[in-house]
Amino acid sequence: VYLTHLSVEHLEKTKGNIINISSVAGLKPSTGGYLYSMSKCALDMFTQCLALELGPKGIRVNAINPAAVRTNFLQVLGFTKEKCEELYTEMGGKYPVGRVGESIDIANAILFLASDEASFVTGIKNDSKCTYIVFLQTFTWLRDTGSKIIMSTSKNFANKVVLITGSSGGIGAQTAVEFARYGAQVVITGRNADNLSEVAKQCAAVSPKGLKPLEVLADVSKDVDCKRLIDSTISAFKRLDILVNNAGKGVMSSINDTDILDKYREIMDTNLRSVIYLTHLSVEHLEKTKGNIINISSVFGLSPSVRGSLYCMSKCALDMFTKCMALELGPKGIRVNAVNPAAVRTNFLQAVGLTKEQSEGFYSRLSGKYPIGRVGESIDIANAILFLASDEASFVTGVNFVSDGGNLNAP
């Protein structure tokens, strides 16, 4: 508290950020550890409150909540070195990723949160909405946190095959371009051939080797198209390393709508059914490459919305699917994570019926309500996706990475 107090005037000048190292003990009680748990719980709340207070000053504040990390921490508590190793081995066998953490895992998270690439991430609270960067035994919750300093290995996707659904525009297109920029062979898909072709040109232009993306015209709400998408990828490249389930659809609804079930089916087929089926089809290939899956969810999976029940339900279910798959697929060497954006400046609002002018007005009004003073851009979400897909996040699975400019905690 005091160091933060002393630092604010200097951090405001540099538009800097603060990262507090908390613990999973601040998120769940432990027998005999109430004093430690209380201190970390208090630190988490302090982080959330300061993110709101300091956001207008241009200062982001985030927390990292590690689980067991191989340090001398247990020896300081009185355990022998041999007992510590025994405990770490026992715990590692219970973690989906098959090991406890190393200091470098936490350092990687700190650097990401401290970097400009996490500039849309600040102060998410940990509650039923899963708000912090948490390295848990069972799954990881990466939330509103800072930025990352890019290291030489953090964005090396050479020889990786990356499939991104919904990549003919918006977040998906930006993500495809960023993966291509860092060496990946990308597979892009969508329903608009002209848009896909334009994204393919952008990817090839930034690819270090000029790799041309595989373009697959497909509607992921159709099972036959999902299967063709995976089959085409494997046929072309003989492998799959990263699956980004980005395709999504939104619709306003009321429980009184006469076509409520038609809307329900439409939303679930795209936002949930397609993810389940593509995951099902991909597992055998991802197991071979020890790959990972990233599902693009929404803050609306964490917070209810008037006339948004169907969309909120689909994203809430996607979050739970992500956590369950992290547990199920961890032993196969496959990590599964979700990114939960708030408002991002794309054509999404126009797709649900707003005009371009209405969309811009909406984004402008929201910007004033976000602690960091703006809505998201596609690159904000792409940065989070690339971090989670990288080897630097190898101790992160089952996470909700909330990239929302502090929106969830804002009044």
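Every number here is computed from the coordinates shown, using simple stated rules; none is lab data. Since we're looking at a predicted model, the values are computed, not measured. Counting neighbours? That spans all protein chains shown, and the Cβs are built from the backbone with ideal geometry, glycine included.
Observations on the model:
- Relative contact order of the chain, taken over Cα pairs closer than 8 Å and 6 or more residues apart, is 18 percent.
- Angstrom value of the Kirkwood radius, inverse mean 1/r, which spans all Cα pairs in segment 2-141: 16.1
- Once the Cα gyration tensor of segment 161-401 is diagonalised, semi-axes √(5λ) in Å: 27, 21, 18
- Per-peptide average of other Cβ atoms within 10 Å, ordering 171-177, 321-327, 251-257 highest first: 171-177, 321-327, 251-257
- Under a 5 Å amide H cut-off, with hydrogens placed 1.01 Å from N, Ala410 pairs with nothing among residues at least 5 apart or on other chains.
- 3J(HN,Hα) couplings calculated from phi for segment 29-43 with the Karplus curve 6.51 cos²θ - 1.76 cosθ + 1.60 (θ = phi - 60°) are, in sequence order, x, 9, 5, x, x, 5, 5, 5, 4, 4, 5, 6, 4, 5, 5 Hz; Gly and Pro show x.
- Using the Cβ-Cβ distance between Thr31 and Ile276 with R0 set to 41 Å, the FRET efficiency from 1/(1 + (r/R0)^6) comes to roughly 0.60.
- Only the Cβ atoms of Lys and Arg (+1) and of Asp and Glu (-1) were treated as charged; on that basis the dipole of the chain about its Cα centre amounts to roughly 260 debye.
- Separation of segment 277-315 from segment 396-411 is 15 Å, based on Cα centroids.
- Nonlocal amide H pairs with Asn20, under 5 Å, H built at 1.01 Å: Asn62, Ala63, Ile64
- Distant-in-sequence amide H partners of Val336 (H built 1.01 Å from N, under 5 Å): Ile293, Gly398
- From the Kirkwood radius over Cα pairs of segment 200-334, Stokes-Einstein at 37 °C and 0.692 mPa s returns a whole-number translational diffusion coefficient of 201 µm²/s.
- Checking the Cα-Cα distances for Lys81/Lys332; Lys263/Lys315; Lys15/Lys57; Lys28/Lys290 against a 19 Å cut-off, the pairs over it are Lys81/Lys332; Lys28/Lys290.
- Extension gain (nm, one decimal) between Arg265 and Lys13, 0.36 nm per residue minus Cα-Cα: 85.6 nm
- One compactness figure for the chain is 0.97, namely its Cα radius of gyration divided by 2.2 N^0.38 Å.
- Linear extension gain, Arg239 paired with Ala204, 0.36 nm per residue minus alpha-carbon span: 10.6 nm
- Estimated vicinal HN-Hα couplings, Hz - segment 51-67 in sequence order (Karplus 6.51, -1.76, 1.60; Gly, Pro = x): 4, 6, 6, 9, x, x, 8, x, 10, 8, 9, 9, 10, 10, 10, x, 8
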